[in-house]
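The values are calculated or read from the model by the stated rules, or taken from the named source; none is laboratory data. Since the model is a prediction, treat every value here as computed from it, not as a measurement. Quick reminder, even Gly has a Cβ in these numbers, built from the backbone with ideal geometry, and neighbours come from all protein chains shown. Just the protein is used for accessible areas: all its heavy atoms, side chains included, with ligands, DNA and RNA removed. Shrake-Rupley method; radii C 1.70, N 1.55, O 1.52, S 1.80 Å.
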Amino acid sequence: MNLAIRDIRYNLGRFLLTGLGLGLLIAVVMSMAGIYRGLVIEATTIFNAAGADLWVVQKDTRGPFAESSRIPEDLYRTLAVIPGVQEAAPVSYQNVQVEHAGRPLRLYVVGHRPGGLGGHGPLAAGRAIGQKRYEAVADRSAGLGIGESLELGRNRYTVVGLTREMVSSGGDPALFVSLADAQELQFKKSNEAIRNDRERIEASLRGVTRLAPALAQRITATVEAITQSTHIANAVVIRLVPGADGRDVARRIEAWKHHTVLTAAEQEQILTRFVIEKARRQLGLFTAILLVISTVIVALIIYTLTIDKIREIATLKLIGAPGLVVVKLIMQQSLALGAIAFAVGALLIHSLYDRFPRRVVLLPADHLALMAIVAGICVLASLLGIRRALAVDPLQALGG
Amino acid sequence: MPAARFEGLTKVYGSGDTAVIGIQDATMVVERGELVAIIGPSGSGKSTLLTAIGLVTEPTSGRIEIDGEAVYDDRWIGPDRKRIRRRKIGFIFQHHNLIPFLTVAENVQVALDINGVHGRAAAAKVRDLLGYLQIDHRAASYPARISGGERQRVAIARALANDPLLILADEPTASLDTERGKSVMEHLRRLAREKGSAVIVVTHDERMIAGFDRVGRVQDGRLLVSPVEVAA
């Protein structure tokens, strides 16, 4: 006879209500775990969509996702002919905040050569960029529709396609534009800044005696061309020939071209271990604290339920019930409470997960792990009640 | 072989100047089918004696045998006391002590269950006992939904579940009115006669001991046993 189930059946309302309350707490634990997982997945979506085996970045930097990296755009041409390289393409990444439809909109602008490496994955709707300028592919989470236009910097862009779940590590929706558009957005100076620069160069050349005016004009034009150039990329992504040794290619590039080369695994590690490390640790710690709180709450509930049954436990012990009968009664109740709470939590999260501003991802393995954790919590939490129950003197069954 | 035998049973609470004697040098042999009442005023030691015989309270000295098996001889000896309580002793309490979240049938079944009797055998036994005590129509009810007298009959059924050799009843009529109390006592007398169990009933109500084979009177921890049947 399962005493735990019979007790639950008799006190069903109270038990369900307790399970519901605990379920809300478990739902928070699950959402934290889901956000944690979502954070890791979101951090790598753009990286994964790029489909690169190697990332060439500014020397001694950790790449465009971790810190500022600037390299010449045309570097990709020389990289493309290195043995073992199948394809190379420049890419740029930039966070922007614009006003759109009367509300602020944060975007993660990805500049790429349309049709080349470093772009988006399969589209959810619409088409890829077909023109060299002023077309964009936006992530659906940006809330933009196909055909909608958006002002970025000095220009307007038309959304021609939509991606699904392509966001930056900060959760900002991605906006894919051509590299030329992204370069203009990121590097092109304003007219005022260009005029100021020109005056500064001319002023410094005026101080140089014996400089022919024609030569001064030539120098000014050259310096301007260099400082105002937008032919800069944040990285060049490389796809290797099948079977090529990535480390060998990386060594060759680093030796000859004086740039840092990151393998896909290193780049992924930077994204998941360093870029989102603090957020990840914060969520992990918060989840751990919630689990401890859940344990304490379950322990208190089970302890209270045990105290309520002291006389029954004493009676069972007096009529000869082995300790195991009492242990099972308490532990099974604790596990049943955990099961109800887990079901409530899972139901809640599955009905609400798409309403979270950040992605909430719970894989089947996460569910199993959480289930095991909840079961572990329940077993642990029941120990206090079990200890109390085992200490009950059968004599307590006697008397008034 | 007697159902229970205890000799020189003494229980002292505390020690030194604060020592309180619960029972002192109590001796009795209880035969199978015998109905014995232990009476005495509150605090006289009758419940202590009952719990010592029931292997719940550890005496200070003396000897206890259940079904010819020595269980206590100045210390606990021999077999597992819980097992003896499960198989050979049935307890009936002042406040019935039914488990509120079990139905009447389940309250009886739980005693069988913890003794390893399950399934059809247990169900048949429960049916028989509830029928015997005329509460089979309440089998599916919870204790809170039945009367005090019915609850006590369920408690008796539970005590009888494992065909105990010895039934120990602690003030089984204390929470009942006179009519229901008499009915419960009649059931105890019946089961001593029909089932052959030795029944020891602790009570402070001398009106309830009519028809008992012997009466033990406890006073200041001393047990004085009357060898004669008490007149109705």
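Remarks
- Surface analysis of region B:4-226 yields an accessible area of 40 Å² per residue, using protein heavy atoms and a 1.4 Å probe.
- Since only A:88, B:21, A:223 are under comparison, the one whose Cα sits farthest along the positive direction of the charge dipole of the protein assembly as shown, derived from C-beta charges on Lys, Arg, Asp and Glu, is A:223.
- By the Stokes-Einstein formula, at 1.306 mPa s and 10 °C, region A:189-229 with its Kirkwood radius over alpha-carbon pairs has D equal to 151 µm²/s.
- Partners of residue B:125 within straight-line reach, counting lysines whose Cα lies under 22 Å from its Cα and excluding those fewer than 8 residues away in the same chain: A:317, B:82, B:88, B:195.
- Only protein heavy atoms count here; on that basis, with a 1.4 Å probe, residue A:55 has an accessible area of about 0 Å².
- Under a Gaussian network description of chain A, with springs only between Cα atoms under 10 Å, the residue in A:72, A:122, A:90 that fluctuates furthest is A:122.
- An ellipsoid equivalent to the protein assembly as shown, defined through the eigenvalues of its Cα gyration tensor, has semi-axes of 90, 23, 20 Å when rounded to whole angstrom and sorted largest first.
- What separates the Cα centres of region A:1-48 and region A:147-161 is a distance of 43 Å.
- Among A:250, A:180, A:47 - extreme Cα towards positive end, dipole of the protein assembly as shown, charges at beta-carbon: A:180
- Spatial offset of region B:1-51 relative to region A:197-273 amounts to 101 Å, using the alpha carbon center of each.
- Net charge contributed by nearby residues that have their C-beta within less than 11 Å of residue B:180 (K/R +1, D/E -1): -1
- Cα gyration tensor, region A:217-326 - rounded (a/c under 1.5), prolate or oblate: prolate
- Near residue A:260: Cβ cut-off under 13 Å, other residues only, Lys/Arg at +1 and Asp/Glu at -1. The net charge is +1.
- Our compactness index for chain B, the C-alpha radius of gyration over the empirical 2.2 N^0.38 Å, is 0.99.
- Size of charge dipole - the protein assembly as shown - debye, nearest 20, with Cβ of Lys, Arg +1 and Asp, Glu -1, no other charges: 1040 debye
- Packing here is the average count of other Cβ atoms within 10 Å per residue, and on that basis the peptides B:111-118, A:218-225, A:33-40, A:243-250, highest first, run A:33-40, B:111-118, A:243-250, A:218-225.
- For the residues of B:98-105, the average number of beta carbons from a partner chain within 10 Å of their own beta carbon is 5.
- Taking Lys and Arg as +1 and Asp and Glu as -1, the other residues whose beta-carbon sits under 13 Å from that of residue B:101 total +2.
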